[in-house]
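See below for the structure under consideration.
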Amino acid sequence: MIEHHLPALQVLLPLFAAPLLMFLVRWPTLAWALTTAVCWATFLVSALLLEAVWAGDPISYAHGGWEPPYGIEYWVDTANALVLLIVSGISAIVMPFARDSVEQEIPRDRIAWFYTAFLLANAGLLGIAITGDAFNIFVFFEISAIASYALIAMGRDRRALLASFTYLIMGTIGTTFLLIGIGFLYMMTGTLNLADLAERLPAVRDTSTIRAAFAFIAVGVSLKLALFPLHLWLPNAYTYAPSMVTVFLSATATKVAIYVLLRFFYSVFGVEFSFGVLPMGYVLMPLALLGILIPSIVAIFQADVKRMLAYSSVAQVGYIILGFSFASTLGLMAAMLHLFNHAVTKAALFMALGAIVYRIGSTRIDAMAGIARDMPWTMAAFVVGGLSLIGIPLTAGFVTKWYLLLAALEAGLWPIAVFLLATSLIAVIYIWRVVEAAYFRERPAGAAPVREAHPALLLPTWTLALASVVFGIHTALPIGAATRAAEILLGGYP
Amino acid sequence: MSAGTAIGLALATPLAGMLLMLLFARLPNLRDTVMVLTAATMFTVVLQVLPEVQAGGRPSLELFELMPGLAIAFEVEPLGMLFALVASGLWIVTALYAIGYMRGAKEKHHTRFYAFFAIALFSALGIAFAKNMFTLFVFYEILSISTYPLVAHKGNEAAKRGARVYLGLLLGTSIGFQLLAILLTWSLTGTLDFTDGGIMEGKVGHGVGAILLLLYMYGIGKAALMPFHRWLPEAMVAPTPVSALLHAVAVVKAGVFTVLKVSIYLFGLDYLQELVTTEWVMYIAAFTIVAASLVALQQDNLKARLAYSTVSQLSYIVLGAMLANQIAAIGGGMHIAMHAFGKITLFFCAGAIYVATKKTDISQMDGLGRRMPFTMGAFLLGALCVIGAPPMGGLWSKWHLILGALDSGQQLMIAVFLASTLLNVAYLIPPVIRAFLRPPQDGYTGGIQEAPLLCVAPLSFTALGAFAMFFLAGPLRGLLEGMFP
């Protein structure tokens, strides 16, 4: 009985738990415990969902018994089950880490509010991924975005307010564009259900209204996923947000937006329209290439490590979009694979930084000089994550890079293969700057002695650091899921 | 013990040893004993693989499949057997030497140093035993990364700068060129397995093949082909045991070993002969041999001179591979072993001189022979081996390389080998002359004052080893002939 309602539970668990937390303002630890329980429950749900769709057919869930396309439909196939797993998995793993980190960075009387916003953001992201309804996507985008603005604004630095405000403006423009696009689609087809849209669009697709809808949706979602040059909100938002929020958002928020773009381009509009009639390949590829190159170079010159990683995130979005722009099964598979691998890798890196913030209260590279002697485990986790980010063999990052390169060669674009190899060397430079400072420089004069981070911080950090190695060796799960996801997305709705 | 088990055990030994060393970090004597025992165990286990390879077998072991069709797997053929024996055998001597050196020169962070040393040996063995190019590449990268902390060991500005160049060039070439070449090979031929006779024939056109060759040769930065040789002199900031075992044997030989392996088992010698770029690479190697020797002549710092000498000697092997005939390939394989014994002796001597007198320059070495007769005697033997003079092992590898050049009708290359021999004499013999025939500059009149026994014994041993190789050339050639069944 209950397994029948899993798709609904996926979103409703965090959505309903969020308001409950507001009654726990005086008991922050209890609020944390409840949030943790909810996150692990959603993780379990998404694991069960992935298992169910892995073997069998996609699941269609009609809310309130209203049959699609009239009611709201939740739709789960391997493509979005993978995204759901990423979102819920990262939030489950980050929760043990959150307890100490949040207690230190957030005033005590606001901790319960903080978790309320966190669960709302979580519910929003899961909702975007699971829903089969275009208008519903917009609603969940807004839920997650408004909650994220609040989360970012709670950062330890007052600049967090400005970062949150910029994000608010850019994010609102993005979702408004998305809404306009969806409105146009509704006007032309009279439906909001994604599968139904895919069926009805071909009849009307040679109109400028549909082309305008396509453009609005593409630009709106690209703002949310921080596609270069629409990424300007991201570095500040990631830098000044509380450590735990950065971990969560970097691993999930842009990934979910990328999934939405994939869904619209491949399943709703169809490959033929997006990449045949409209030259999206020629639009996305140069943006992806510039988006890899320029932020990578900018990352080298950052004095703040958190900011450096934020720029690296923009570059990684470029890698994903590049795979996506090849419009081939192999390229799409590489994109889906990187979605997963990068979430794991980047979350590990940001968690290691969170542990450093917990001890020294700063992420400036100068403040981190010589830190490896005092915090060997934290820095070792950072190195492992860094190696995966660079794409050294036997790490998850390498597997993605391998498939991305093969996809480039398959498309006959060997200059892009050369370009990709060259840019991964830039990652070597910016990661190695941190390693050199932490391992081979002396502690700054007058710096207080620090101890290794708390096991509660280290354990989740190492879980993800090890995961980025394990998924580089035992690749069956991510490769299998990504291949199936790519086939499903390319195949459109059944 | 079956040969397959031995392969797995040999790879596991240095890792287990490393863990034990970390465990005993606070008990220096126990930790150092563990290191020597680990090295000895590893060599013994590697020896267990030898009989089957000598009998013409190719024992193998598959660990796991990384991506569909791409496995981390091992298969031992004669060339890999030779490289594994040389690297693991010389590790025993170097381990002893390192104890003497690190204590004598009062270096810090011993445990970290020994631990990364063990990882480096682990990856060298992985390279030697790799069954396919992908496995080789993985271990090649582990080797680059694990030796970075060894080069940066002193932690001062010079060490950090040297290490940065080191890692930058090695990672840069391997990711920029080698990985690209591997990907192209994989997408064109559908396999990366080392196969007798190569995998390219009939699948890769000669034009693409020619480009692939350049990508491989420059992608294997550890072979130090000019102009990507700078990392080797820069790496000399490392403590001498690193220069001796890694930058005269394990790391650089891993590079030329990969060159031979790629030439013989991926391209195939017959296919190689038909590529235009084979001749180009041959001339680049010839240029590297002569140019690096000329640079070595100018160096006053002993370790820098030895480093350039290594650059020059490595290109012997690259040249041997590019001559693309069996006798030259065998000569190249022999040179891996012969040069290893000669050069490690020379580096051990340089380190011993530093520990005993803090001298690093050749111009300070006047009269040193009276103070350190064993060290300087060993230096002479090592120098003769590198020069290729009888009665040292170096003679035979050079002999085979020249025969190979004759076979290919490359008279110019014979001239290069001969000219290089003269240059070797010109830069390796003067330190010996200074040490024995000139009076000491600082008026030193005390008697014999050598470095600690743990420094002198290993260098005497490798010097004698270089001499013994003169008589072992026959069996060595017998083993290497197994490359061409």
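The values are calculated or read from the model by the stated rules, or taken from the named source; none is laboratory data. Quick caveat, the model's predicted, so the values are computed rather than measured. Methodologically, a virtual Cβ is constructed for each residue, glycine included, from the backbone with ideal geometry; neighbour enumeration extends over all protein chains shown. With ligands, DNA and RNA removed, areas are computed over all heavy atoms of the protein, side chains included. Shrake-Rupley method; radii C 1.70, N 1.55, O 1.52, S 1.80 Å.
Restricting attention to region A:151-165, does a residue exist that is in contact with a Lys or Arg (Cβ under 9 Å, 6 or more places away or on another chain), assigned to a helix (DSSP H, G or I) and at pLDDT below 90?
No; the residues of region A:151-165 include none that is in contact with a Lys or Arg (Cβ under 9 Å, 6 or more places away or on another chain), assigned to a helix (DSSP H, G or I) and at pLDDT below 90.
Of all residues in region B:355-383, count the ones that are free of Cβ contacts under 8 Å to residues at least 40 places away in the same chain and either in contact with a strand residue (DSSP E or B) (Cβ under 8 Å, 6 or more places away or on another chain) or assigned to a helix (DSSP H, G or I) (or both).
Of the residues in region B:355-383, 1 are free of Cβ contacts under 8 Å to residues at least 40 places away in the same chain and either in contact with a strand residue (DSSP E or B) (Cβ under 8 Å, 6 or more places away or on another chain) or assigned to a helix (DSSP H, G or I) (or both).
Take the residues in region A:374-388 that are small (Gly, Ala, Ser) and within 14 Å of chain B (Cβ to nearest Cβ), then tell me which one is surrounded by the most Cβ atoms within 10 Å (Cβ to Cβ).
Applying the filter and picking the extreme gives A:Ser388.
Being under 15 Å from A:Asn341 (Cα atoms) and of a type in the set (Gly, Ala, Ser) narrows it down to one of A:Ala447, A:Ala486, A:Ala481, so name that one.
A:Ala481
If you go through region A:101-152, how many residues are touching a strand residue (DSSP E or B) at 6+ places or on another chain (Cβ under 9 Å) and charged (D, E, K, R)?
1
In region B:157-171, what count of residues is obtained for those that are at the interface with another protein chain (Cβ under 9 Å from one of its Cβ atoms) and open to solvent by 20 Å² or more (accessible area, probe 1.4 Å)?
Number satisfying all stated conditions: 2.
Restricted to region A:355-373, and to residues that are more than 14 Å from every other protein chain (Cβ to nearest Cβ) and open to solvent by less than 10 Å² (accessible area, probe 1.4 Å), which residue is farthest from A:Ser312 (Cα to Cα)?
That would be A:Ile371.
Looking at A:Leu179 and the list (1) touching a helix residue (DSSP H, G or I) at 6+ places or on another chain (Cβ under 7 Å); (2) assigned to a loop (DSSP other than H, G, I, E, B); (3) open to solvent by 10 Å² or more (accessible area, probe 1.4 Å), which single condition is not satisfied?
(2)
With the requirement that a residue be part of a helix (DSSP H, G or I) and among the polar types (S, T, N, Q), what does region A:448-494 give you?
Once the filter is applied, which keeps residues that are part of a helix (DSSP H, G or I) and among the polar types (S, T, N, Q), region A:448-494 yields A:Thr461, A:Thr463, A:Ser468, A:Thr483.
Considering only region B:149-160, I want to know if a residue exists there that is part of a helix (DSSP H, G or I), within 12 Å of B:Val237 (Cβ to Cβ) and of a type in the set (Val, Ile, Thr).
yes
Test each condition in (1) within 17 Å of the chain's Cα centre (by Cα); (2) within 9 Å of chain A (Cβ to nearest Cβ); (3) more than 20 Å from B:Leu213 (Cα to Cα) for B:Ser123 and report the one that comes out false.
Every condition holds for B:Ser123 apart from (2).
For region A:464-476, which residues satisfy the criterion of being more than 14 Å from chain B (Cβ to nearest Cβ), surrounded by fewer than 24 Cβ atoms within 10 Å (Cβ to Cβ) and either within 18 Å of the chain's Cα centre (by Cα) or free of Cβ contacts under 8 Å to residues at least 12 places away in the same chain (or both)?
Hit for region A:464-476 is A:Ala467, nothing else.
Which of the residues belonging to region B:185-214 are surrounded by fewer than 20 Cβ atoms within 10 Å (Cβ to Cβ), within 14 Å of another protein chain (Cβ to nearest Cβ) and either touching a strand residue (DSSP E or B) at 6+ places or on another chain (Cβ under 9 Å) or assigned to a helix (DSSP H, G or I) (or both)?
Passing the criteria: B:Ser187, B:Leu188, B:Thr189, B:Gly207, B:Val208, B:Ile211, B:Leu214.
Looking only at region B:299-327, how many residues end up being within 27 Å of B:Gly198 (Cα to Cα), crowded, with 24+ Cβ neighbours inside 10 Å and over 18 Å from the mean Cα position of the chain (by Cα)?
3
Of all residues being of a type in the set (A, V, I, L, M, F, W, C) and open to solvent by 80 Å² or more (accessible area, probe 1.4 Å) in region B:24-64, which is modelled with the lowest pLDDT? Just the residue, please.
Taking region B:24-64 first, the residues of a type in the set (A, V, I, L, M, F, W, C) are B:24-25, B:27, B:30, B:34-37, B:39-40, B:42-43, B:45-47, B:49-50, B:53, B:55, B:61, B:63-64.
Subsequent filtering for residues that are open to solvent by 80 Å² or more (accessible area, probe 1.4 Å) retains B:27, B:37, B:55, B:63.
Details: B:Leu27: 80, B:Leu37: 88, B:Ala55: 83, B:Leu63: 83.
Step by step, filter region B:24-64, then rank; the result is B:Leu27.
Would you confirm, using the coordinates I've provided, whether A:Ala257 is modelled with pLDDT of 90 or more and touching a helix residue (DSSP H, G or I) at 6+ places or on another chain (Cβ under 6 Å)?
Against the criterion (modelled with pLDDT of 90 or more and touching a helix residue (DSSP H, G or I) at 6+ places or on another chain (Cβ under 6 Å)), A:Ala257 qualifies.
If only one of A:Glu436, A:Glu442 is within 14 Å of another protein chain (Cβ to nearest Cβ), part of a helix (DSSP H, G or I) and more than 21 Å from A:Ala396 (Cβ to Cβ), which one is it?
A:Glu436
Among the numbered criteria (1) open to solvent by 10 Å² or more (accessible area, probe 1.4 Å); (2) farther than 26 Å from B:Gly162 by Cα; (3) within 9 Å of chain B (Cβ to nearest Cβ), which one does A:Gly412 miss?
Of (1) open to solvent by 10 Å² or more (accessible area, probe 1.4 Å); (2) farther than 26 Å from B:Gly162 by Cα; (3) within 9 Å of chain B (Cβ to nearest Cβ), only one is false for A:Gly412: (3).
Quick one: is A:Pro393 more than 9 Å from chain B (Cβ to nearest Cβ), of a type outside the set (Gly, Ala, Ser), outside any helix (DSSP H, G or I) and out of contact with any Cys (no Cβ under 7 Å at 6 or more places or on another chain)?
Against the criterion (more than 9 Å from chain B (Cβ to nearest Cβ), of a type outside the set (Gly, Ala, Ser), outside any helix (DSSP H, G or I) and out of contact with any Cys (no Cβ under 7 Å at 6 or more places or on another chain)), A:Pro393 does not qualify.
Return only the number of the condition from (1) in contact with a helix residue (DSSP H, G or I) (Cβ under 8 Å, 6 or more places away or on another chain); (2) closer than 27 Å to B:Ala473 by Cβ; (3) of a type in the set (Gly, Ala, Ser) that B:Gly268 does not satisfy.
(1) is the only condition that B:Gly268 fails.
Does B:Ser144 meet the test of being within 12 Å of another protein chain (Cβ to nearest Cβ) and on the phi < 0 side of the Ramachandran plot?
yes
Does region A:76-115 hold any residues that are among the hydroxyl-bearing types (Ser, Thr, Tyr) and surrounded by fewer than 24 Cβ atoms within 10 Å (Cβ to Cβ), and which are they?
Scanning region A:76-115 gives a single hit, A:Thr78.
Of everything in region A:199-232 that's assigned to a loop (DSSP other than H, G, I, E, B) and over 29 Å from the mean Cα position of the chain (by Cα), which residue is nearest to A:Pro69 (Cα to Cα)?
A:Arg205
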